[in-house]
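Asks: Shown below is the structure under consideration.
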Amino acid sequence: MPRYDAFDAGHRRDHVHHVMATSQQLAQFYPEVDRAMLLVAAAYHDLGLANGRERHHIDSAKILHADQRLRQWFTEQEIDTMADAAEDHRASLGHAPRTIYGRIVAESDRQIVPEVVVRRTMQYTRAHMPGLDKDEEFQRLQEHMHEKYAEGGYLHLWIPESDNARQLQRLRAIIDRPEQLRALFDRLYPEI
């Protein structure tokens, strides 16, 4: 967990704790899932951010695979499954997660609460594009919201029992009304 302290504000300990807790909640719907394996996959899912964002999902899987301590408790096949789940969590992958573990971790990582999504996007923009003025930040927010979360965006949901589908509809209603998105942006702007 201490490794997460060095990441951007949207990927710190509170985020990984959320993913771990949500994955355990969603596991109740899938009795075949080993909860310990799911917990490990969730705990490792973003550790690759230490090497940069673009390949973080791949690096997270490599970090999990390289942790020799895990071999005390898990077989090589189980480690492969957990590494696949960590790798498959990324929303922009372009393919479905390979296992139920990957689908649960990916779904848990979404955390589609409109205020959280907008805040995390703003935090990312501030950290990685610090030269933008307020209007440029809002423009970037709008573009990202349409690209990822709007109808036809690249985000996919995998677990029907998750609350994300209902929350995504709330978020899409805000995205479809630029004045509402701007009001939320303006309210959060001083906090970021």
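The values are calculated or read from the model by the stated rules, or taken from the named source; none is laboratory data. Computed from a predicted model, the values in this text were never measured in an experiment. Cβ coordinates were reconstructed from backbone atoms using ideal geometry, including for glycine residues, and neighbour counts include every protein chain displayed. Ligands, DNA and RNA are stripped out before the accessible areas are found, and what is left, the full protein with its side chains, is counted by its heavy atoms. Shrake-Rupley method; radii C 1.70, N 1.55, O 1.52, S 1.80 Å.
Asks: Applying the selection to region 71-91, what residues are open to solvent by 10 Å² or more (accessible area, probe 1.4 Å) and among the aliphatic types (A, V, I, L, M)? Please lay out each step first, then the result.
Replies: Restricting attention to region 71-91, the residues satisfying the condition of being open to solvent by 10 Å² or more (accessible area, probe 1.4 Å) are 71-78, 80-81, 84, 87, 90-91.
Once the filter is applied, which keeps residues that are open to solvent by 10 Å² or more (accessible area, probe 1.4 Å) and among the aliphatic types (A, V, I, L, M), region 71-91 yields only 91.
Asks: In region 92-108, is there at least one residue being surrounded by 14 or more Cβ atoms within 10 Å (Cβ to Cβ) and more than 30 Å from residue 146 (Cα to Cα)?
Replies: For region 92-108, residues surrounded by 14 or more Cβ atoms within 10 Å (Cβ to Cβ) and more than 30 Å from residue 146 (Cα to Cα): absent.
Asks: Residue by residue through region 132-179, note down the ones that are without any contact (Cβ under 8 Å) to a residue 40 or more places away in the chain and hydroxyl-bearing (Ser, Thr, Tyr).
Replies: Matches in region 132-179: 149 only.
Asks: Quick check on this structure: which one of 130, 97 is at pLDDT 95 or above and either in a loop (DSSP other than H, G, I, E, B) or hydrophobic (A, V, I, L, M, F, W, C) (or both)? Steps first, please.
Replies: Numbers: 130 fails: at pLDDT 95 or above.
The match here is 97.
Asks: When you scan region 146-169, how many residues do you find that are open to solvent by 60 Å² or more (accessible area, probe 1.4 Å), in a helix (DSSP H, G or I) and either within 22 Å of residue 92 (Cβ to Cβ) or β-branched (Val, Ile, Thr) (or both)?
Replies: 3
Asks: Another question, if that's okay. Quick one: what pairs do we get from region 50-69, first residue under 14 Å from residue 4 (Cβ atoms), second open to solvent by 20 Å² or more (accessible area, probe 1.4 Å) and among the aliphatic types (A, V, I, L, M), C-beta under 6 Å, 6+ apart or different chains?
Replies: So the pair list comes out as 56/49.
Asks: Return only the number of the condition from (1) in contact with a helix residue (DSSP H, G or I) (Cβ under 6 Å, 6 or more places away or on another chain); (2) at pLDDT 95 or above; (3) part of a loop (DSSP other than H, G, I, E, B) that residue 89 does not satisfy.
Replies: With respect to (1) in contact with a helix residue (DSSP H, G or I) (Cβ under 6 Å, 6 or more places away or on another chain); (2) at pLDDT 95 or above; (3) part of a loop (DSSP other than H, G, I, E, B), residue 89 is out only on (2).
Asks: If you go through region 39-81 one residue at a time, how many are more than 14 Å from the chain's Cα centre (by Cα), in a helix (DSSP H, G or I) and of a type in the set (Gly, Ala, Ser)?
Replies: Counting residues in region 39-81 that are more than 14 Å from the chain's Cα centre (by Cα), in a helix (DSSP H, G or I) and of a type in the set (Gly, Ala, Ser) gives 3.
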